[in-house]
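Scroll down for the structure; my scribbles are underneath it.
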Amino acid sequence: MTLPRLLGALSDPTRLGIVRVLSDGAERGWGQLRAPVAKSTLSHHLKVLREAGVTRTRQEGTRCFVTLRRDSLDARFPGLLPALLSAAIAEDVGAHVTESDDEE
């Protein structure tokens, strides 16, 4: 996990929106994440976040679940995630990403 890779992953509004949804610490199924992009594009965004060390993905059968690696991020870059989330909320960045209660 490097700072340039982390900042690159979080520089996209959709990826920042995914992080906003995951910031409560709950694990989400990929099908619960809603964004106005194609499923393949959402999958790409999730891959970028995973490869940057921002999220962790767990496979269970044919379903995939994603969580924010908040503890790792806070340990490596103290205060960065709260500051980014606060700014994203204040500027309404990533608000187009939401979650659904049901898994597709």
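The values are calculated or read from the model by the stated rules, or taken from the named source; none is laboratory data. Please read all numbers here as calculations on a predicted model, not as lab measurements. For neighbour counting, all protein chains shown are included, and Cβ atoms are generated from backbone atoms with ideal geometry for every residue, glycine included. In case anyone asks, the SASA skips ligands and DNA or RNA and just uses the protein heavy atoms, side chains included. Shrake-Rupley method; radii C 1.70, N 1.55, O 1.52, S 1.80 Å.
Brief remarks follow.
- Net charge, I18 excluded, C-beta distance under 12 Å - Lys, Arg +1, Asp, Glu -1: +4
- Where only DSSP H runs of four or more residues are counted, the chain gives -13500 deg cm²/dmol as its mean residue ellipticity at 222 nm, each run worth -39500 (n - 2.57).
- For the chain, with +1 on Lys and Arg beta carbons and -1 on Asp and Glu, the positive-most of L81, G25, T98 along the dipole: L81
- Residues in the stretch 81-101 reached by a label modelled at R34 [backbone nitrogen below 12 Å; 7 Å Cα→Cβ]: 96-101
- Comparing V37, V93, V54 in a Gaussian network model of the chain, where Cα atoms under 10 Å apart are tied by springs, the biggest mean-square fluctuation is seen for V37.
- Rounded if a/c under 1.5, otherwise prolate or oblate - the stretch 1-41, Cα gyration tensor axes: oblate
- Relative compactness, the stretch 61-104, computed as alpha-carbon Rg over 2.2 N^0.38 Å: 1.50
- The Rg/Rh ratio of the chain, with Rg taken over Cα atoms and Rh as the Kirkwood radius over Cα pairs, comes to 0.93.
- In the stretch 2-104, the portion of solvent-accessible area held by carbon and sulfur atoms comes to 52 percent [1.4 Å probe, whole percent, DNA, RNA and ligands not counted].
- In the full protein context, the chain carries 55 Å² of accessible surface per residue, based on a 1.4 Å probe and ignoring ligands, DNA and RNA.
- Within the listed set L80, L22, L49, the residue fluctuating most in the Gaussian network model of the chain (springs between alpha-carbon atoms under 10 angstrom) is L80.
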